[in-house]
1. Taking the stretch 38-72, which residues are under 24 Å from ALA116 (Cα atoms) and either within 13 Å of ligand 2 (Cβ to nearest atom) or within 15 Å of the chain's Cα centre (by Cα) (or both)?
2. Just need a number here: residues in the stretch 213-250 that are part of a helix (DSSP H, G or I), farther than 18 Å from ALA152 by Cα and of a type outside the set (A, V, I, L, M, F, W, C).
3. Which ones in the stretch 150-183 are of a type in the set (Gly, Ala, Ser), more than 16 Å from ligand 2 (Cβ to nearest atom) and surrounded by fewer than 23 Cβ atoms within 10 Å (Cβ to Cβ)?
4. Report, by residue number, each residue of the stretch 32-47 that is touching a helix residue (DSSP H, G or I) at 6+ places or on another chain (Cβ under 6 Å), assigned to a loop (DSSP other than H, G, I, E, B) and without any contact (Cβ under 8 Å) to a residue 40 or more places away in the chain.
5. Of the residues in the stretch 62-94, how many are under 23 Å from ALA27 (Cα atoms) and in contact with a Leu (Cβ under 8 Å, 6 or more places away or on another chain)?
6. Which pairs have Cβ atoms under 6 Å, sit 6 or more apart or on different chains, and link a residue in the stretch 116-136 that is within 9 Å of LYS156 (Cβ to Cβ) to one that is of a type in the set (Lys, Arg)?
7. Determine whether LEU92 is of a type in the set (A, V, I, L, M, F, W, C) and surrounded by fewer than 20 Cβ atoms within 10 Å (Cβ to Cβ).
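Values in this text are rule-based calculations from the coordinates and carry no lab data. Here the structure is a predicted model, which is why all the values come from computation and not from measurement. Cβ placement follows ideal geometry from the backbone for every residue including glycine, while neighbour counts extend to all protein chains displayed.
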Amino acid sequence: MYQIVADLHTHTLVSNHAFNTITEMAAKAKSMNYKAIAVTDHACAMPDSPHIWYFYNLRRLPDVMEGIPVLKGIEANVMDINGTLDFESSELAKFDWVIASIHGDCLPGTLTVEQATQLWLNIAENPYVDMIGHSEQAKHIYDYDAVTKVFAQKNKVVELNGNSYAVRPDGVGNMQRLALACKKNGCKVALNTDAHSIYHLENGVSHLYKMLEEIDFPEELIINSSGERLLQELTLHNKQVVNRIGDFLL
Ligand SMILES: [Zn+2]
Ligand SMILES: [Zn+2]
């Protein structure tokens, strides 16, 4: 049986298509006995993204809100096949959690396997990226074996996204192949809801549990399956926040 103790991909009201405040999301996560939650709103190239000042101000909020550590994150957009992101690197360095994701609004069309593979290999070299968001999409199939090998070396976490079952169903069949490549290559993963409201936080990863059970996926590769594993991963990513929230995770 799998479990998660932290959700590392969620949206708040500052993205116009989400519904709850950061305080409401934190309180809900706390009520679910989570050890942490990350808020990761869309960086500025997305049509519904908050103004850039939101991201500058985010870090002024307390580390612990509503009794639970709230990681101040961002979902940066991949803008081209070279893996360019829509947020300055020096600023990305200041976040507690950085996701790099492809969204059709920022990178339209279908990529060849070669293009998508090269794109993610380039992202693997970006020291500011912590996690690869919903990369199983049908339009961006890549060489899962070759790329997860490099992700494992470079400490990039592959996200398995519960929301994909609802909003990106075309690619869901790829998710198990991606997870199998992660298992084979020792590449770490995170199971996240990508919740856009407090209601999505609950049961948002149940499909993922089932999918991973089918392939007997090793729990130790799931970074948000325990507080210790999450703390270890944040430490590995040199996140200053561990000095301030470490006790909450254990
Ligand atoms: Zn996304
Ligand atoms: Zn998202």
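1. Result: THR40, ASP41, HIS42, ALA43, MET46.
2. Total meeting the criteria: 8.
3. Correct list: ALA152, GLY173, ALA181.
4. Hits for the stretch 32-47: nothing passes.
5. Final tally of qualifying residues: 6.
6. So the pair list comes out as ALA124/LYS154; ALA124/LYS156; ILE132/LYS156.
7. When the stated conditions are applied, LEU92 does not pass them.
Here is a yes/no grid of residues against (1) of a type outside the set (Ser, Thr, Tyr); (2) surrounded by fewer than 21 Cβ atoms within 10 Å (Cβ to Cβ):
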position	(1), (2)
THR148	no, no
LEU208	yes, no
ILE223	yes, no
ARG229	yes, yes
GLN240	yes, yes
